[in-house]
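Read through the structure below, which is laid out as structure tokens, and then see the notes.
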């Protein structure tokens, strides 16, 4: 099952193009569902933590996710690439930085779905969630729990 929407009321909240790039760290290239506001909030979280972010709305995002080898159960509303790794969904910036420092033999890391309390999904409560690392052969492991 693929996720087909974002937070309620996010329509029209999108910038539609590149977000302001005040940071000087690694470049994160993000593709997102058209009109998704929580994706922009995640991008702002990444920028606040030193990453540069380019954002692109992509109506064909699910085909893109398949091309990158993202397991269906880990799909979220946006996909990013940074230094050869895939970032799927609302992954915290500190874990992206940790992955870039450790350079594990994985395709990337993901937060499947859209858990409340994850970066870009802030709200009145917080759901526990796992950040999952995934490999080309389909194996997965918990990279961190939040």
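The values are calculated or read from the model by the stated rules, or taken from the named source; none is laboratory data. Computed from a prediction, not measured in an experiment: that's the story for all the values here. Glycine gets a Cβ as well: all are built from the backbone with ideal geometry, and neighbour counts include every protein chain shown.
Return yes when residue 24 is modelled with pLDDT of 95 or more, part of a loop (DSSP other than H, G, I, E, B) and at negative phi and no when it is not. Answer is no for this residue.
Screening residue 136 with (1) touching a helix residue (DSSP H, G or I) at 6+ places or on another chain (Cβ under 9 Å); (2) assigned to a loop (DSSP other than H, G, I, E, B) gives one miss only, at (1). Scanning region 123-142 for residues that are in contact (Cβ under 8 Å) with a residue 40 or more places away in the chain and surrounded by 13 or more Cβ atoms within 10 Å (Cβ to Cβ) yields 131, 132, 134, 140.
If you check residue 40 against the conditions, is it more than 16 Å from residue 119 (Cβ to Cβ) and touching a residue at least 12 places away in the same chain (Cβ under 8 Å)?
no
Checked against (1) farther than 18 Å from residue 24 by Cα; (2) assigned to a loop (DSSP other than H, G, I, E, B); (3) in contact with a helix residue (DSSP H, G or I) (Cβ under 8 Å, 6 or more places away or on another chain), residue 50 passes all but a single condition, namely (1).
Quick check: anything in region 37-48 at pLDDT 95 or above and over 14 Å from the mean Cα position of the chain (by Cα)? Within region 37-48, one or more residues are at pLDDT 95 or above and over 14 Å from the mean Cα position of the chain (by Cα).
Yes/no matrix, rows are residues, columns are (1) crowded, with 21+ Cβ neighbours inside 10 Å; (2) in contact with a helix residue (DSSP H, G or I) (Cβ under 9 Å, 6 or more places away or on another chain); (3) closer than 24 Å to residue 135 by Cα:
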{"site": "34", "(1), (2), (3)": "no, yes, no"}
{"site": "46", "(1), (2), (3)": "yes, yes, yes"}
{"site": "59", "(1), (2), (3)": "no, no, no"}
{"site": "73", "(1), (2), (3)": "no, no, yes"}
{"site": "80", "(1), (2), (3)": "yes, yes, yes"}
{"site": "86", "(1), (2), (3)": "no, yes, yes"}
{"site": "94", "(1), (2), (3)": "no, no, yes"}
{"site": "98", "(1), (2), (3)": "no, no, yes"}
{"site": "117", "(1), (2), (3)": "no, no, no"}
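Apart from one condition, residue 62 fits all of (1) assigned to a helix (DSSP H, G or I); (2) closer than 22 Å to residue 25 by Cα; (3) out of contact with any strand residue (DSSP E or B) (no Cβ under 6 Å at 6 or more places or on another chain); the exception is (2).
Residues that are free of Cβ contacts under 8 Å to residues at least 60 places away in the same chain and assigned to a helix (DSSP H, G or I) within region 66-95 comprise 66, 67, 68, 73, 93, 94, 95, listed in sequence order.
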